[in-house]
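Taking it in order: structure first as structure tokens, then the write-up.
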Amino acid sequence: MLSGLGWDESFEQNFAAHRAHGRVPARVIQVHRQACDVIGELGQARLKTPKGSALCTGDWVAVRWADEPEIVELVSRRTAITRAAVGGSSESQALAANVDTVVIAVSLAMALRPARIERLLAVAWESGARPVIALTKADLAENIAAIQAEVSALAPGVDVVATSANTGEGVDIFTALISGTTVLLGPSGAGKSSLGNALLGTNALETGAVRQQDGKGRHTTVRRELLVVPSGGVLIDTPGLRGIGLTGGAESVEQVFADIETYGANCHFRDCAHHNEPGCGVLEAIELGVMPRRRLDSYRKLLRESEWQAARSDARLRAKGTERIRRITKDQRAMYKFRARQEG
Ligand SMILES: Nc1nc2c(ncn2[C@@H]2O[C@H](COP(=O)(O)OP(=O)(O)O)[C@@H](O)[C@H]2O)c(=O)[nH]1
Ligand SMILES: [Mg+2]
Ligand SMILES: [Zn+2]
């Protein structure tokens, strides 16, 4: 039962201390304002979210399952989809936890937005999960092979599959590409919930009509919900995210732009910035038409953003660290005083 929800040996090993106290693991399937729905081997329950903790769908928690069950602790997240918090805070927000596969839904019925796909890929790599791109609404498109090639070119090392929730085309291939806990990401109206339903074989996820004028969907999926997939694994649907800020360092961005890294290996100068240096492998790739100029611009933009975010969170950690050191010093001083009193 627990394994069907994504629990495994390694989670269990780290849970030994909780087991010794009679606590059981449960998975968060939906988050409400001050409570969350969890499911575990003892059943499903709506529990109060402990003060000061920010739980998200997909989290595992240790529950004291009594007359009034209670969440005792959050189990360390293995992976998490995070986004930079809006506003001044440098604290990031987790959208889904313990995710194995991130599906980026891209509608074939709309003009391609390469930069948006690159950004979501960076978010996916950053999470520690494996990205897969699902081109949706294949029944509405004609030049699928060409779009698939274009998308593959901007997603090195990522599987791209064309699907239709309406005809069922590609759904079996899609099913074979995902494993474990899968989260659906993409803008509202992309067909995430419909694809989710095709996978589940139900209408459990609410879908919505697309507005005629701008092709955008209404936000029908208001909450992130976790559902068990009959063929194995679990699925987390998300509402369309308008914008999602990067939270990690440069590594995930470099992973998205692995091709640029490869062309860059041919640059004459080892520290080439690919601006106008002679013998630049990246500029040569652009000149030869192997890679669009746009991609280099997008790479720079996301790299800048990730470095800025990383610096911001470093500053926050440093501030926290200083506070800790101050506290330790205070404790030490108190201890010395105590010893001095005892010895004196
Ligand atoms: N023709 C067609 N329409 C689809 C397909 N998948 C979704 N849609 C439509 O696109 C709209 C948005 O779908 P939905 O799944 O709610 O998108 P979400 O906002 O990403 O969850 C709905 O009107 C769906 O009926 C598909 O494969 N083919
Ligand atoms: Mg939806
Ligand atoms: Zn260069």
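The values are calculated or read from the model by the stated rules, or taken from the named source; none is laboratory data. All of these numbers come straight from a predicted model, not from anything done at the bench. Every residue, glycine among them, receives a Cβ derived from its backbone with ideal geometry; neighbour counts consider all protein chains shown. When the accessible area is computed, the model is the full protein with side chains, heavy atoms only, and any ligands, DNA or RNA have been set aside. Shrake-Rupley method; radii C 1.70, N 1.55, O 1.52, S 1.80 Å.
I'd like to check something: does the range 52-70 contain any residue that is in contact (Cβ under 8 Å) with a residue 60 or more places away in the chain and surrounded by fewer than 20 Cβ atoms within 10 Å (Cβ to Cβ)? No, the range 52-70 contains no residue that is in contact (Cβ under 8 Å) with a residue 60 or more places away in the chain and surrounded by fewer than 20 Cβ atoms within 10 Å (Cβ to Cβ). Out of all the residues in the range 31-40, is one or more touching a Lys or Arg at 6+ places or on another chain (Cβ under 9 Å) and of a type in the set (Asp, Glu)? Yes: the range 31-40 contains one or more residues that are touching a Lys or Arg at 6+ places or on another chain (Cβ under 9 Å) and of a type in the set (Asp, Glu). In this structure, is Gln44 polar (S, T, N, Q), open to solvent by less than 80 Å² (accessible area, probe 1.4 Å) and assigned to a strand (DSSP E or B)? The answer is no for Gln44.
For the range 26-36, state whether one or more residues are open to solvent by 20 Å² or more (accessible area, probe 1.4 Å) and free of Cβ contacts under 8 Å to residues at least 12 places away in the same chain. Within the range 26-36, one or more residues are open to solvent by 20 Å² or more (accessible area, probe 1.4 Å) and free of Cβ contacts under 8 Å to residues at least 12 places away in the same chain. Arg300 falls short of the stated requirement of being charged (D, E, K, R) and part of a loop (DSSP other than H, G, I, E, B).
I want to confirm something. Restricting to the range 193-228 and keeping residues that are touching a helix residue (DSSP H, G or I) at 6+ places or on another chain (Cβ under 8 Å) and modelled with pLDDT of 95 or more, which single residue is nearest to Val123 (Cα to Cα)? Looking at residues that are touching a helix residue (DSSP H, G or I) at 6+ places or on another chain (Cβ under 8 Å) and modelled with pLDDT of 95 or more, I get Leu195. With respect to the stated conditions, Ala105 is under 16 Å from the mean Cα position of the chain (by Cα) and either open to solvent by less than 60 Å² (accessible area, probe 1.4 Å) or within 16 Å of ligand 3 (Cβ to nearest atom) (or both). Taken over the range 229-265, residues that are more than 16 Å from ligand 3 (Cβ to nearest atom), closer than 12 Å to Ala122 by Cβ and not polar (S, T, N, Q) amount to 9.
Across the range 168-191, which residue is farthest from ligand 3 (Cβ to nearest atom) among those that are touching a Gly at 6+ places or on another chain (Cβ under 8 Å) and open to solvent by less than 10 Å² (accessible area, probe 1.4 Å)? Residue satisfying both the conditions and the ranking: Thr181.
Put simply, of Ile260, Ile236 the only residue that is open to solvent by less than 60 Å² (accessible area, probe 1.4 Å), within 16 Å of ligand 2 (Cβ to nearest atom) and modelled with pLDDT of 95 or more is Ile236.
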